[in-house]
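Report on one structure; see the data block that follows.
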Amino acid sequence: MYVSPDALRGAEWVLPDVPLLLGGLPVAWEVSARAEPDQALVAWTAYFTTGTPPEALSAFALALDARPDPAQDTGSPDTVVAALTAQGWQPDVDYPETTAWDTGLTSCFTLCTLPELIEDQDPREGLAGWQAWAEPIAGQPHLWCATFSHSTPHDLVSAFADALASPAPVMRRVLPEAAAGQLTLVSPD
């Protein structure tokens, strides 16, 4: 477990401990923030399963670290969809303000009702939060999932979305079989 020096931010590898599933996959990382160091309840929590693209997770963590107040929301839902569409993702036909798909329709980012057990300072049920996932073949297992509780600042979710949608090449040791034919391979030369 990591707790920032100001005790406002935390990240924990929970894979062996927490039986929370997203899209049928176990949660590996929980990242959270508090408004005050002595606040018992976290203000928000973000959850990432194994396989979440490390570039997107890193962008989220760096944006969180750069914020003086990690619990204060400084964005709006529009910033998340704008980050995705600026990188070529397409707004959903039915929910263009809150959902975007990659051009291959294999990855989705949406503002929707969250599953149970998502921790947030707002205890009301049925609140919306951001969820993202990759499902290269419809009906087949997800490659990864990420969920951001209702109070997660939109600018942090936007940082994750922007890195996720970036067309910049990324290094991978192992390519997911389910994504065969949907990836562009670039030689390191």
Selection within region 135-167 - in a loop (DSSP other than H, G, I, E, B) and either modelled with pLDDT under 80 or among the polar types (S, T, N, Q) (or both) = GLN140, SER149, SER151, THR152, SER166
Among the residues of region 16-45, the number that are out of contact with any Leu (no Cβ under 8 Å at 6 or more places or on another chain) and under 22 Å from ASP65 (Cβ atoms) is 9
Extreme residue, nearest to GLN39 (Cα to Cα), among residues of region 114-123 that are touching a residue at least 12 places away in the same chain (Cβ under 8 Å) and surrounded by fewer than 19 Cβ atoms within 10 Å (Cβ to Cβ) = GLN121
Is it the case that region 25-33 has a residue that's aromatic (Phe, Trp, Tyr) and surrounded by 15 or more Cβ atoms within 10 Å (Cβ to Cβ)?
-> yes
Counting only residues in region 99-111 that are touching a residue at least 24 places away in the same chain (Cβ under 8 Å) and of a type in the set (S, T, N, Q), the one surrounded by the most Cβ atoms within 10 Å (Cβ to Cβ) is identified as SER107
Scan region 5-20 and give yes if some residue there is buried (at least 20 other Cβ atoms within 10 Å of the Cβ) and in contact with a Ser or Thr (Cβ under 7 Å, 6 or more places away or on another chain), otherwise no.
-> no
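Each row is one residue, and each column tells you yes or no for (1) closer than 29 Å to ALA66 by Cβ; (2) of a type in the set (A, V, I, L, M, F, W, C).
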residue	(1), (2)
ASP92	no, no
PRO96	no, no
ALA100	yes, yes
GLY104	no, no
PHE109	yes, yes
GLU135	no, no
ALA138	no, yes
ALA159	yes, yes
Of the residues in region 54-92, those that are surrounded by fewer than 16 Cβ atoms within 10 Å (Cβ to Cβ), modelled with pLDDT of 95 or more and of a type in the set (Val, Ile, Thr) come to THR85
First in region 131-155 and under 16 Å from SER58 (Cα atoms) and of a type in the set (Ser, Thr, Tyr), second anywhere and assigned to a strand (DSSP E or B) and modelled with pLDDT under 95, Cβ under 7 Å, 6 or more apart = THR147/LEU22
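The values are calculated or read from the model by the stated rules, or taken from the named source; none is laboratory data. Just so we're clear, the structure is a prediction, and the values are computed from it rather than from any experiment. For neighbour counting, all protein chains shown are included, and Cβ atoms are generated from backbone atoms with ideal geometry for every residue, glycine included.
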